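S.K.: Here it is: the structure, laid out below.
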Amino acid sequence: MHFIDQATIIASSGAGGVGSRHFRREKHVPQGGPDGGDGGRGGDVQVVADDRSRSLLDYHYLRQYAAEPGKPGQGQNKTGRDGAGLVLQVPPGTQVYDADSGELLVDLCVAGQRAILLRGGNGGWGNVHFATATRQAPDRANQGQPTVTLNLRFDLKMLADVALVGLPNVGKSSLIRAISASQAVVADYPFTTLVPNLGVVRHKGKVFTVADIPGLIAGAAQGAGLGLRFLRHVERCRLIALLVSPTDEIPAPEALATLRAELAAYQPGLADRPQMVLLSKADLLGPEADDQARELAALIGEPVMAISAVARTGLQLWLDAVAVHFERPLPAATTEFDPCAAEAPVVQPTTKPAPTRRAKFSKQGKSKMPTPRI
Ligand SMILES: Nc1nc2c(ncn2[C@@H]2O[C@H](COP(=O)(O)OP(=O)(O)OP(=O)(O)O)[C@@H](O)[C@H]2O)c(=O)[nH]1
Ligand SMILES: [Mg+2]
């Protein structure tokens, strides 16, 4: 599957329908009064976080989206039909920006969360509204409010509980395959994984999501390897698992320092995110694996767990530790990151009120319909 995590689109609200300029025409009702109905409302543009979508691929191919305009009002006081709204479905974790001003409009961090980005235009008044005692045949009606166009930027930052970070070839994809149904590709060469993979782990009644991030190398901050492009997906993880393995080209303490330096270069705050160190491919170390893990732990001054995706050892213990980590009540003044607590899933719909315009009528008495911009 193609994975697209950024897209820019143009979205337009529906214009309001034009009001009708109509007079009653019935047998035996000479000079029937005005009966032109109002135009229908234009459709809104909404955005919704949809659990089933994982990528912004659709928006990469199709860039222009428009809600339906309201239908014109009609005689016999008939109001025009409202235009259908437009619902843009994006994966949870998508931030929606106004591409021109750079303003964050809404951060959709919970599945099902939705926001109205643009409200459809109100329909114009039909001539029935303009009748007065002295003006009983009003020759005017209102144009509906025009369409409003917004350039939108979608920025997907995956919402996983745990991010797997390590040098290329350390066994990240093998690990996500071993603990979830993810079909991440595994191969014996660096940079097998080119885009992040997401897996759902079910462990002893707990469910959490794990992201396998493409391998990092020293100098990623300057663009080496795949650069830091995919670290945006680590930004919103609550726990970072740092993997080192006996097959790394550099010793484990050095590998850890490299990974941490690259994380900090991407975003200083990432260094403070809770981390766990995993000694991957423990099967290659045979019975010495646990000793080596203890040695490394003593060297770096923090706990290290030995795991093997191939031999499936240490996985349950590690998942126990992850579950305990997420269960632990957070201290009052915690700095632990929780994307949804930090930005409570309150939707702040951004609406741009459209200016009202009067209808202009040509000599033939026909109204000019609002022309949608796209
Ligand atoms: N012996 C052993 N080999 C492993 C283990 N986990 C992964 N490997 C091997 O290590 C190689 C790389 O594994 P991947 O899971 O693709 O590594 P990765 O970290 O996802 O690599 P990139 O996507 O390139 O960053 C493959 O040949 C795997 O078979 C393990 O637990 N034990
Ligand atoms: Mg991989």
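Here, each number is a calculation from the coordinates, and none is a lab measurement. Only a predicted model underlies this, so the values are computations on that prediction, with no experimental measurement involved. Because the Cβ atoms are built from the backbone with ideal geometry, glycine has one as well, and the counts that use them run over all protein chains shown.
S.K.: Please report the spacing between the Cα centers of the stretch 302-320 and the stretch 166-204 in Å, no decimals.
M.R.: After rounding, the separation between the Cα centres reads 15 Å.
S.K.: Using modelled backbone amide H atoms (1.01 Å from N, in-plane), which distant-in-sequence or interchain residues come within less than 5 Å of Leu118's amide H?
M.R.: When sequence neighbours closer than 5 places are left aside, the close amide H contacts are Val45.
S.K.: Quick one: how many lysine pairs does the chain have with C-alpha atoms less than 28 Å apart and a gap of 8 or more or different chains? Give me the count, please.
M.R.: 26
S.K.: Moving to a separate point now. What is the gain in length, in nm to one decimal, between Val310 and His60 on full extension, counting 0.36 nm per residue of separation less the C-alpha to C-alpha distance? Walk me through the numbers on the way to the answer.
M.R.: Numbers: separation 250, 0.36 × 250 = 90.00 nm, distance 3.70 nm.
That works out to 86.3 nm of additional length.
S.K.: Taking Cα pairs under 8 Å and at least six residues apart, what relative contact order does the stretch 162-337 come out at, in percent?
M.R.: Details: 323 pairs, mean separation 37.1, N = 176.
Relative CO of the stretch 162-337 lands at 21 percent.
S.K.: May I ask you to evaluate 6.51 cos²θ - 1.76 cosθ + 1.60, the Karplus curve with θ = phi - 60°, for each residue of the stretch 62-69 and list the ³J(HN,Hα) values in order in whole Hz, giving x for glycine and proline?
M.R.: 10, 9, 10, 9, 9, 6, 7, x
S.K.: Please state the shape class of the stretch 162-337: rounded when a/c is under 1.5, otherwise prolate if a/b exceeds b/c and oblate if not, all from the C-alpha gyration tensor.
M.R.: Values: a/c = 1.17, a/b = 1.01, b/c = 1.16.
Judged from the Cα gyration tensor, the stretch 162-337 comes out rounded (a/c under 1.5).
S.K.: Over the chain, what relative contact order in percent results from Cα pairs under 8 Å that are six or more residues apart? Before the final figure, lay out the partial values.
M.R.: Working: 1006 pairs, mean separation 65.7, N = 374.
Worked out over the chain, it gives 18 percent.
S.K.: Can you compute the FRET efficiency between His203 and Val110 using 1/(1 + (r/R0)^6), with r the Cβ-Cβ distance and R0 = 30 Å? Round to the nearest 0.05. Before the final figure, lay out the partial values.
M.R.: Details: r = 22 Å, r/R0 = 0.74.
Approximately 0.85, to the nearest 0.05.
S.K.: Show the residues, 5+ positions off or on another chain, whose built amide H is closer than 5 Å to the amide H of Gly215.
M.R.: For Gly215, the qualifying residues are Phe191, Thr193.
S.K.: Translational D (Stokes-Einstein, µm²/s) of the chain at 37 °C and 0.692 mPa s when Rh comes from the Kirkwood sum over C-alpha pairs? Provide the component values of the computation, followed by the final result.
M.R.: On the way: Rh = 24.2 Å.
The estimated diffusion coefficient comes to 136 µm²/s.
S.K.: With label points built 7 Å along Cα→Cβ from the Cα atoms of Ala84 and Leu284, find their separation and express it in nm.
M.R.: Result: 5.5 nm between the two label points.
S.K.: Quickly work out the Ala261-to-Lys27 label distance, labels modelled 7 Å from Cα along the C-beta direction, and quote it in nm with one decimal.
M.R.: 9.5 nm
S.K.: Further question: Could you tell me the relative contact order of the stretch 60-192? Use alpha-carbon pairs under 8 Å, at least six residues apart, and round to a whole percent. Write out the running numbers ahead of the final one.
M.R.: Values: 163 pairs, mean separation 26.0, N = 133.
Worked out over the stretch 60-192, it gives 20 percent.
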